[in-house]
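Bear in mind these aren't lab numbers, they're just calculated from the coordinates by the rules spelled out. Keep in mind that what you see is a predicted model, and the values were worked out from it rather than measured.
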Amino acid sequence: MENQIIMLSLLAMTCTLAMAFEPSPLQDFCVADYTSSARVNGLACMDSKLVQAEHFTYSGFHLAGNTSNPLGFSVTPVTVAQLPGLNTLGIALVRFDYAPWGVTPIHLHPRATEIITVLEGSIQVGFVTSNPDNKLISKVLQKGDVFVFPMGLVHFQRNVGYGMLLPSLL
Ligand SMILES: *[C@@H]1O[C@H](CO)[C@@H](O)[C@H](O)[C@H]1NC(C)=O
């Protein structure tokens, strides 16, 4: 059954990028030192003399996520937990994969604007404006489309294509 769905399907893939503004840094970077017990606004910085290209690299976005779950979607995050060079930069990236009718339930990011790019398939996105209007702003995106969810507004994404969004994403 699942194989049939995948065979018949158009693959849809989405990519999202979430950004938050931060104060201007006083240094080029602050590669996370996961072992430090220091508590700062972000993780402590490793010795910059030890920093290498690997600290700014993540490999794995070519791999589809597992969407075999009740919501039919998966998240492959690239945050400071996966990419130490992101520490203090106020930016993260995620890959989303959606099964047919897979959905990212309504949620919000209090401090981050999110921008999404569709890599494969089609997906409905939407957000709701704040009080007193509470207006739904929604549309269906196609491959190559970009959409932005303004900071702090509740939003959702759902696969409205006929197949696996192949996997797709931020
Ligand atoms: C995907 O997740 C389901 C449910 O957890 C699991 O049964 C299945 O083995 C996973 N598939 C792969 C390819 O990891």
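Output wanted: per-residue J couplings in Hz (rounded whole) for region 83-99, from phi through Karplus 6.51 cos²θ - 1.76 cosθ + 1.60, θ = phi - 60°, x for Gly and Pro.
10, x, x, 6, 3, 6, 7, x, 9, 8, 9, 9, 9, 10, 10, 10, 6
Using only the Cα atoms of region 57-170, build the gyration tensor, take square roots of its eigenvalues as a ≥ b ≥ c, and label the shape rounded, prolate or oblate: rounded if a/c is under 1.5, else prolate if a/b is larger than b/c, else oblate.
On the way: a/c = 1.90, a/b = 1.08, b/c = 1.75.
Verdict is oblate for region 57-170.
HN-Hα J couplings of region 104-119 from phi, Karplus 6.51/-1.76/1.60, θ = phi - 60°, integer Hz, Gly and Pro as x?
Whole-Hz 3J(HN,Hα) from phi for region 104-119: 9, x, 4, 7, 9, 10, x, 10, 9, 7, 10, 10, 10, 10, 8, 8.
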